[in-house]
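Quick note: the coordinates plus some simple rules give every number you see, no bench work behind them. Values in this document were obtained by computation on a predicted structure and should not be read as measured data. Cβ placement follows ideal geometry from the backbone for every residue including glycine, while neighbour counts extend to all protein chains displayed.
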Amino acid sequence: MHVSKIVACVALAASFAAPAAAKQGDVLVRLRAIMVSPNESSGAVLPSFPGAGVSINDAYAPELDFTYMATNHLGIELVLATDKHTLSGTGTLAGVGKLASTWVLPPTLVLQYHFLPEGHVRPYVGAGINYTIFYSTNASGALEAAVGTTDVSLKNSFGYALQAGVDVDISKTLFLNFDVKYIDMTTRATLTSGALVNRVDANINPFVFGIGLGMRF
C-alpha cells in the first residue's frame, strides 16, 4: 500500500476518534524513524589535495523528542538522536573512497506553533537552535593506506533549525507523526598524518525526514 493511502486511512480513522487535543501543560513524546540527508558542499582539502573535497552519506536512526505545551498553541521541543555518517573523497581523492566515519549527536531545541491544537489533524511549524557534537571519528583503512596513520577530528557546530510537521490522531492519547527538519550545520575536518596536517571545511546542512508515533501525557 502506498504511503499516501496509509495516511488517508489513518486520517479517516482519526475523524471518528476523540481528538487527542494538545493543551497547555501537556507533554508530547514522539519516537520517530528518521533519515538524515546531508545537503552538503565542501571546500578543498588543503594544503595537500587542492583538487579534492568530501561528501557525506545519508544515515538512518531512531529519534526521540519531548514537547512541553507552554500554551495551547506554543510548544517547546527537545530533539534527541544520534547517527553514524561516512565521509568519502571527491575530486582527486575519489579513488580513495571512504576517508573516515563519525558519529553525530545533534541535540536541538525548537519553539513550535501548533495551528489546530484541538483538531484530529494538528500541523505545526518550529524554529530553534542546534548544537552538533561529532564523536568517535576514525580514519578509514583506505585513507591510512594512502597517506599513513591518520588522526581525524571534526569541529562541533552551532546553528539554527527549522521544522514542519503534523500529528494525526489514532486514539485519544496516541497519534501518528510526520516531521521534517532543516539543520544549519557546518564543520571543519582536520586530518593529521604525522607532521602533515590537512583541513577541509564542509557545509552539511541536512534535511531530517521522520515518521513515528507519539503519546500525549
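With the alpha-carbon atoms of the range 118-217 aligned to their principal axes, the span from lowest to highest coordinate is 62, 24, 20 Å, starting with the largest. Placing unit charges on each Cβ (+1 for Lys and Arg, -1 for Asp and Glu) gives the chain a dipole about its Cα centre, and among Gly25, Ala70, Pro107 the Cα reaching farthest toward its positive end belongs to Gly25.
Only one of the listed values, (1) -0.60, -0.82, -1.04; (2) -0.47, -0.77, -1.16; (3) -0.60, -0.92, -1.25, was derived from the coordinates as log10 I(q)/I(0) by the Debye sum over Cα atoms at q = 0.11, 0.14, 0.17 Å⁻¹; which label is it? Only one option fits the structure, namely (1).
Taking other Cβ atoms within 10 Å as a rough exposure proxy, Thr173, Thr102 sort from fewest to most as Thr173, Thr102. Site-free segments of the chain were taken between trypsin sites (Lys or Arg not before Pro) in DSSP loops having at most 15 other Cβ atoms within 10 Å, sites themselves excluded; the longest one is 24-154. Over the chain, dividing the summed -39,500 (n - 2.57) contributions of all DSSP H runs of at least 4 residues by the number of residues returns a 222 nm mean residue ellipticity of -2500 deg cm²/dmol. Put simply, the amide H of Ile34, placed in the peptide plane, has neighbours under 5 Å in Ala61, Glu63, leaving out anything fewer than 5 places away on its chain. Across the range 193-204, computed HN-Hα scalar couplings (Karplus, 6.51 cos²θ - 1.76 cosθ + 1.60, θ = phi - 60°) run 10, x, 8, 8, 10, 10, 10, 9, 8, 9, 9, 8 Hz from first to last residue, x flagging Gly and Pro. Rounded to whole numbers, the Karplus 3J(HN,Hα) couplings from phi for the range 140-156 are 7, x, 5, 5, 5, 5, 7, 10, x, 3, 9, 9, 10, 9, 10, 6, 5 Hz, using 6.51 cos²θ - 1.76 cosθ + 1.60 with θ = phi - 60°, and x at Gly and Pro.
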